[in-house]
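Working notes, beginning with the structure itself.
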Amino acid sequence: MENKQQSNGDVKETKVVKKKMNWSGSLIVASLTGAFGSSFLYGYNLSVVNAPAVYIKKFYNETWERRYGFSMDESTLTLLWSITVSIFAIGGLAGAIIVTPIVKFFGRKCTLLLNNVFAVTAALLMSLSLVAGSFEMLILGRIIMGVDAGISLSALPMYLSEISPKEIRGSLGQVTAIFICIGVFTGQVLGLPEIFGQESRWPYLFGAIIVPSLIQVIILPFLPESPRYLLLEKHNTSKAEKAFQTFLGKNDVTHEVEEVLAESRAQRNTKLVSILQLLRTRAVRWQVVTVVITMGCYQLCGLNAIWYYTNNIFSEAGINHETIPYVTLSTGAVETVAAVFSGLVIERLGRRPLLIGGFGLMVVFFAVLTVSLTLQKTVYWLPYLSIFCILAIIASFCIGPGGIPFVLTGEFFQQSQRPAAFMIAGTVNWLSNFVVGLLFPFIQAGLQTYCFLVFAAICLAGATYLFFVLPETKNKTFNEISQAFAKKNKVSLEMEEMNHYSGERKSSAEQESNFTSSVDNGEAKKAIV
C-alpha cells in the first residue's frame, strides 16, 4: 500500500517536473522578445492613429493649403484619412506575400530580426513627416509599417509553433494575441493628452516604434533558430538538438528529434509546397477553407473598426469629448486581460469552445449595441450601455477569435505546407483588414447606428461554420488533426493524400543522405501502403 502511494506520488512529481520543464527560460524569453518586436508593433499601429487623428487631419489640411492655396473639402479629407488608416493593410498584404521565400531562405528567427529594418524605416518616415511638411511621408511610413506587420504576423506564429512542445502550443501561440492587445493598450496610453496626445508631440507616437525593434535586435540573436526548421529544412541535426535542449531545458531530446524525423520520413523528398499545390491537395482542403473563413472573420467581425474609429464611436454614443481618451484606455485594458485569460485556459477548454463562444457572444453584444445607439437620446443611461457593449465585444473577441486563428494555421499543416498556408492566411487577413479600414467610415455614414449589424451577421456566419466543421485540436499531433478532417476531405489515409503530388516531389540527394540510415525508398512505399 505504501509502495503504491509512493509510486503515485512519484508519478505526480514527474508530471509536475515535466510541466515545469515545458516552460524553460529560453522558451519564455524567445516568445516574449519575438512578440514584443512583432505582434506588439502590429497592435500598437492599430490604435496609435486614433488619438492624434484630429491633429493629423489638421496637418493634412494645412499642408494642402500651403501647397495649393485652398483648403481641402471634407470628403477629400475623409478619403485621405481613410487611405492613411487602411493603407497599413496594403503593406501588410505585401508582407504576407513575400514572407514565404524569406522564412524559407533566412529561417524564422532571422526573418524576425531582418524585419526590423522595415519598422525602423517606417518610424523615421512617420515621425519626421511633420518637420518635413509632407503627409506623403506619413502615408509611406504606414505602408512600410504594414509590410513589417505582414511579415511578423506570419513568421512569429510559425516560430512559436515550431519551438513549443505540443502540451503548451496553444498557450504559447496566444502570446501573439496577448502582445497585440498590449500594443493596442500602449498606443492608447501614449496617446493621452498628458503624454504624446498633443498637437506638437504626436510625431513621438510614431518614433516610439523604434524602441521594441531595438530590444528585439539586441536579445533575439542570442536565442536559437526553430529546431524544426534546422532539422527538416537545413538538415542540421546537431544544431537542431542544441535548439531543442535550449528551448525544452533538458539534455535528452531524443524523443523530440525522433518525432520530427517521423514527420520528415512521411514527407521525405517533398519540396516546399506552393499555394497552388496546397489548394489542390484534397487532404487539407477543409483545413484551408477553415483557415480562410476564420481569418476572414477575424478581421471582418468589426473589432478593427472599433480600434480605428473608437473616438468617433464614443462621440456618437454621447460621451464627453474630454473623457473619450480615458474611456478608450479601458478598452485596451479589457482586451489585454481577456487575451491573458484566454492564454491561461486555452489548454484546458480547447480551441473550439473559445472560438465559437467568442463569435457567439459578439453577435449578442453587437445587437445590443445597435439598439442602445439607436435609442440613446431617449434614455439617459443608454450611452453607458453602449460603452459596456463595446468593452464586452472586445473581451469576447480576445477570449477566442483574437489569437486562435494564428494557432490553428500552425496546427493544421505539416512543415512543407506551413509557409504556403500562412501566406494564404495572411493574404485573407490583410485584404479583410484593408476593406474594413477603408469602407467602415462610409458604412457608418450610410447605415449609421445599424452599421454594427453587418458585423453581427459575419460573426454569426463564422460561428455557425466553425460549429459544424472545426474539430478540437488541443494536444493533438498533425496526423491526428488530419484524421479528424479526413471524412470531410473524403480521404481514407491522410498521408497518402498529403503526398498525392508525388510527381512533383523534389528528388534531393541532400535529403537522401540525411535519412538513408532510417529507411530506404522501398521501405517507405511499403509503410505508406
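The values are calculated or read from the model by the stated rules, or taken from the named source; none is laboratory data. Keep in mind it's a predicted model, so treat the numbers as computed, not measured. Positions of Cβ are generated from backbone atoms using ideal geometry, with glycine treated the same way; all protein chains shown enter the neighbour counts. Heads up: the accessible areas ignore ligands, DNA and RNA and are worked out on the full protein's heavy atoms, side chains in. Shrake-Rupley method; radii C 1.70, N 1.55, O 1.52, S 1.80 Å.
For this structure, a couple of remarks:
- Per residue value of the accessible surface for region 72-158 (all protein chains in place, 1.4 Å probe), Å²: 32 Å²
- Cα-based Rg / Dmax (Å) for region 343-418: 16.7, 59
- From the alpha carbon centroid of region 464-480 to that of region 375-428 is 18 Å.
- For region 275-512, the spread of Cα positions along each principal axis, largest first, Å: 72, 36, 31
- Area accessible to solvent at TYR326, 1.4 Å probe radius, in Å²: 100 Å²
- Within region 416-464, none of the chymotrypsin sites (Phe, Trp or Tyr not before Pro) combine a DSSP coil assignment with at most 12 other C-beta atoms in a 10 angstrom radius.
- Local electrostatic count at PRO203 - Lys and Arg +1, Asp and Glu -1, tallied over other residues with Cβ under 14 Å: +2
- Cross-link pairs exceeding 24 Å in C-alpha to C-alpha distance, out of LYS166/LYS239; LYS250/LYS476; LYS234/LYS487; LYS234/LYS490; LYS166/LYS242, comprise LYS234/LYS487; LYS234/LYS490.
- Ranked by the mean number of other Cβ atoms within 10 Å of their residues, highest first, the peptides 201-214, 79-92 fall in the order 79-92, 201-214.
- Once the Kirkwood radius over Cα pairs is known for region 22-223, the Stokes-Einstein relation at 10 °C and 1.306 mPa s delivers a diffusion coefficient of 91 µm²/s.
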